[in-house]
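Everything below concerns the one structure shown next.
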Amino acid sequence: MPAPEIPSSLDTQRRTQILTAALDVFLRYGFKKTSMSDVAGEAKLSRQGLYLHFPTKESLFEATIRHSLETSREEVAVLLEKKGPLDKRLLACFEITIGRYVGKVGAEAYDLTEAFTSLAGPVLEEGLAGLKEAVTAMIVAEAGGAKGRRVRVQECVDVLFWAAMGLKHKVGTREEFRKGMSVAIRVALAALA
């Protein structure tokens, strides 16, 4: 039995290029109105070439969500290692995970919530749980891991994610998102003091 083929860095770069293009197109048009031709055009490859990587639009959508979450998780892991004011690191974390999508969702993308739930629900839930754990760890590490605070920290993290999700849909610019999250973070950290 031959050994499985190891993807080359060129294959990895191509896959990343496709998934980045797919995310932009899905955010612009939504799931139903996005065609494989739209994604192929954005990724600068033929439709047949796209089908070699992803046999269905559903598999492309799930891979796109998974890639986006993994990228966010990697960037948040770097933040965990950095030093500096906790509020600034938390703000950067929310910009990486949620704020990057502010202003990118097109008017035709009304069906994305349904597509997330039906096609990528477990992937999305797992990814968000991992991101929440990272944010919780960041706050607990800063707070010195005091006993009895972990539950309160998790509650504050939940509130921060709710605030971020609400702002993502309410505001039109990344700057408005930053301002709103700055307030939410200050309030949450004050509740933990």
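The values are calculated or read from the model by the stated rules, or taken from the named source; none is laboratory data. Keep in mind that this is a model prediction, so the values were computed, not measured. When we count neighbours, we look across all protein chains shown, and the Cβ atoms used for this are built from the backbone with ideal geometry, even at glycine. Side chains are part of the model used for accessible areas, which takes the heavy atoms of the whole protein and leaves out ligands, DNA and RNA. Shrake-Rupley method; radii C 1.70, N 1.55, O 1.52, S 1.80 Å.
Would you mention how many residues in the range 27-43 are free of Cβ contacts under 8 Å to residues at least 24 places away in the same chain and of a type outside the set (S, T, N, Q)? Let's see the steps before the verdict.
Pass one, the range 27-43, residues free of Cβ contacts under 8 Å to residues at least 24 places away in the same chain: 34-35, 37-42.
Next, from what is left, pick out any that are of a type outside the set (S, T, N, Q): 38-42.
Qualifying residue count, the range 27-43: 5.
Considering the range 80-91 alone, what residues qualify as being farther than 18 Å from Val153 by Cα and either of a type in the set (A, V, I, L, M) or open to solvent by 40 Å² or more (accessible area, probe 1.4 Å) (or both)? Give the steps one after another, and end with the answer.
Our first condition is that a residue be farther than 18 Å from Val153 by Cα; within the range 80-91, this holds for 81-84.
Answer for the range 80-91, where residues must be farther than 18 Å from Val153 by Cα and either of a type in the set (A, V, I, L, M) or open to solvent by 40 Å² or more (accessible area, probe 1.4 Å) (or both): Glu81, Lys82, Lys83.
Six or more apart or on different chains, Cβ under 8 Å: which pairs go from a residue in the range 5-21 that's closer than 17 Å to Arg66 by Cα to one that's at pLDDT below 90 and open to solvent by 50 Å² or more (accessible area, probe 1.4 Å)? Could you list them?
Here the result reads Arg15/Pro7, each pair linking the range 5-21 to a residue that is at pLDDT below 90 and open to solvent by 50 Å² or more (accessible area, probe 1.4 Å).
Go through the range 52-69 and count every residue that is surrounded by fewer than 14 Cβ atoms within 10 Å (Cβ to Cβ) and not aliphatic (A, V, I, L, M). Quick ask: steps written out before the conclusion?
Let us first name the residues in the range 52-69 that are surrounded by fewer than 14 Cβ atoms within 10 Å (Cβ to Cβ), namely 52, 55-56, 59.
Remaining after also requiring not aliphatic (A, V, I, L, M): 55-56, 59.
Qualifying residue count, the range 52-69: 3.
Report, ordered by the first and then the second residue, all pairs with beta carbons closer than 9 Å, sequence separation of six or more or different chains, a first member in the range 102-131 that is β-branched (Val, Ile, Thr) and at pLDDT 80 or above, and a second member that is assigned to a loop (DSSP other than H, G, I, E, B) and open to solvent by 10 Å² or more (accessible area, probe 1.4 Å).
What qualifies is Val102/Val171; Val102/Gly172; Val102/Thr173.
Testing Cys93 on (1) more than 25 Å from Gly30 (Cβ to Cβ); (2) over 18 Å from the mean Cα position of the chain (by Cα); (3) at pLDDT 85 or above; (4) part of a helix (DSSP H, G or I), one condition comes back false. Which one is that?
(2)
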